[in-house]
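Structure record follows, encoded as structure tokens.
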Amino acid sequence: MNMMIKQDSDLHKQMTNWRQEIHANPEIGFEEFKTAALVKAQLLKAGVEIVAEEIAVTGIVAVVHGAKGGSNKAIALRADMDALPIKELTGADYASKTDGKMHACGHDGHTSMLLGAATYLQKNNDFAGSVYFLFQPAEEGYGGARKMIEEGLFDKISVENVYGMHNWPGMKLGEFAVRGGPVMAAADSFEINITARGGHGAMPHTTIDAVILGTQMVNAFQSIVARNVDPMDTAVLSVTQIHSGDAFNVIPETCYLAGTIRTFKPEVKALIKQRMTAIIDGIAKMHDAKAEFNYMDGYPSTNNDQEQADFCQSVMSDMVGGDKVQTDLNPSMGAEDFSYMLEEKAGAYIMMGNGDSAGLHNPYYNFNDKALPIGASYWVKLVETALN
Ligand SMILES: [Zn+2]
Ligand SMILES: [Zn+2]
């Protein structure tokens, strides 16, 4: 492996310390105050210039300018900093000190790798142009990337390309995956509030049964992905909540349904929304009841630029060998707010092996510290290649 930052080097040890310190002190979306303070302190210690702080509450933007002249090209590398509301069960000696919060998605590792890359590149800036480091809050559901953009991220800094990375449990350490096109899904959610007519459980003819309406809707929804969406497209429609009734002898007046919709193409999302509306209105009308449908847009799908994905693939192949770079990993139905940055700038979001760990968002998950120099070396090599 051709790595700029070696296993067990001093920088690897530093990254491990930061990672475990952040891990022990997890903070959820827009509350990453301690994490941002650690990032800022280390950037200043390493002599890295900070361009913006408190962007999207706790976000930090830093820059290293190359020593070579002749190019104004600038790129940005992004890491997310937030943890999740999960009770940690890893038993690690640096396990979460905050009950009910945990770094279960490896953003502690992402932050440490980007910090390691910035530290390295500040000392080794034999490139032309500039590299920006984006330390982003609130990836897990709160749209920190969108908020950074709304607060003028790409007005403050002018970059051509943006790059993101996520650790991937189940993929071997030292392996990567990248592909052009969609890599993560759009994740929307919905709620349905049915109001019918409650009554005595033994006198159904005097009622309009909200349970019947709710279950008919759940059933009818199953035909949308199966019969309306093109078989060559991908979509998920899951009803994940049904709440109705409190007693065995009462037909309830109301029924609440909620769930999630995952898609890659805007036209598929629009089709599902339109079919759901028709089904909900139709079933409510059929029973002479009322149903209110709220569709909540979530993160858009994460789409890699083909050219940039090819570029990242060549950077990885140079580093770990072409046989260690997967290009056929299926897109994930999970979602990622880096999608907002990729809507603004061409770039690519890649996966890096975390070895045989528990899955993301699992209470036993832990970021693999051996991956720190691998991911940080990828960032360094990407910068040295893109800003040659
Ligand atoms: Zn996550
Ligand atoms: Zn994540």
message: I need a count of the residues in the stretch 164-188 that are more than 16 Å from ligand 2 (Cβ to nearest atom), part of a strand (DSSP E or B) and over 14 Å from the mean Cα position of the chain (by Cα).
response: 2
task: Please identify the pairs in which a residue from the stretch 110-124 that is outside the structural domain of Ala138 (by TED's automatic domain parsing) has its Cβ atom under 6 Å from the Cβ atom of a residue that is surrounded by fewer than 24 Cβ atoms within 10 Å (Cβ to Cβ), counting only partners at least 6 apart or on another chain.
output: none
- line: Per the filter on the stretch 312-326, residues in a loop (DSSP other than H, G, I, E, B) and in contact with a strand residue (DSSP E or B) (Cβ under 7 Å, 6 or more places away or on another chain) are none
query: Residues Leu43, Leu89, Leu84: which one is in contact (Cβ under 8 Å) with a residue 24 or more places away in the chain, in contact with a Leu (Cβ under 8 Å, 6 or more places away or on another chain) and not hydroxyl-bearing (Ser, Thr, Tyr)?
result: Leu43
query: Here are some conditions: (1) away from ligand 1 (no atom under 16 Å from the Cβ); (2) under 30 Å from Met217 (Cβ atoms); (3) in the same structural domain as Ala145 (by TED's automatic domain parsing). Val325 meets all but one. Which one does it not meet?
result: (2)
field: Test result for Thr58, touching a helix residue (DSSP H, G or I) at 6+ places or on another chain (Cβ under 6 Å), among the β-branched types (Val, Ile, Thr), within 16 Å of ligand 2 (Cβ to nearest atom) and under 23 Å from Gly143 (Cβ atoms)
entry: no
task: Considering (1) touching a residue at least 24 places away in the same chain (Cβ under 8 Å); (2) away from ligand 2 (no atom under 16 Å from the Cβ); (3) within 27 Å of Ser339 (Cβ to Cβ); (4) surrounded by fewer than 19 Cβ atoms within 10 Å (Cβ to Cβ), say which one Val225 fails and leave the rest.
output: (4)
- prompt: What's the number of the condition Gly141 fails, among (1) within 13 Å of ligand 2 (Cβ to nearest atom); (2) at pLDDT 95 or above; (3) not β-branched (Val, Ile, Thr)?
  reply: (2)
field: Test result for Asp323, over 24 Å from Leu153 (Cβ atoms), surrounded by fewer than 20 Cβ atoms within 10 Å (Cβ to Cβ) and more than 16 Å from ligand 2 (Cβ to nearest atom)
entry: yes
- prompt: Before we move on, is Val159 over 20 Å from the mean Cα position of the chain (by Cα), β-branched (Val, Ile, Thr), modelled with pLDDT of 95 or more and assigned to a loop (DSSP other than H, G, I, E, B)?
  reply: yes
- prompt: Only one of (1) touching a Ser or Thr at 6+ places or on another chain (Cβ under 9 Å); (2) surrounded by 21 or more Cβ atoms within 10 Å (Cβ to Cβ); (3) closer than 30 Å to Ile157 by Cα is not met by Lys265, so which one is it?
  reply: (2)
query: Looking at this structure, is Met3 closer than 25 Å to Val320 by Cβ and outside the structural domain of Pro137 (by TED's automatic domain parsing)?
result: yes
message: Tell me whether the stretch 105-121 contains one or more residues that are touching a helix residue (DSSP H, G or I) at 6+ places or on another chain (Cβ under 7 Å), crowded, with 23+ Cβ neighbours inside 10 Å, at pLDDT 95 or above and not in a helix (DSSP H, G or I).
response: no
- line: The number of residues in the stretch 34-74 that are crowded, with 18+ Cβ neighbours inside 10 Å and more than 26 Å from the chain's Cα centre (by Cα) is 3
- request: Look at the stretch 122-139 and say how many of its residues are within 16 Å of ligand 1 (Cβ to nearest atom) and either surrounded by fewer than 22 Cβ atoms within 10 Å (Cβ to Cβ) or of a type in the set (Ser, Thr, Tyr) (or both).
  value: 0
From Asp323, Asp356, residue being out of contact with any Phe, Trp or Tyr (no Cβ under 9 Å at 6 or more places or on another chain), charged (D, E, K, R) and without any contact (Cβ under 8 Å) to a residue 40 or more places away in the chain: Asp323
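The values are calculated or read from the model by the stated rules, or taken from the named source; none is laboratory data. Since we're looking at a predicted model, the values are computed, not measured. Methodologically, a virtual Cβ is constructed for each residue, glycine included, from the backbone with ideal geometry; neighbour enumeration extends over all protein chains shown.
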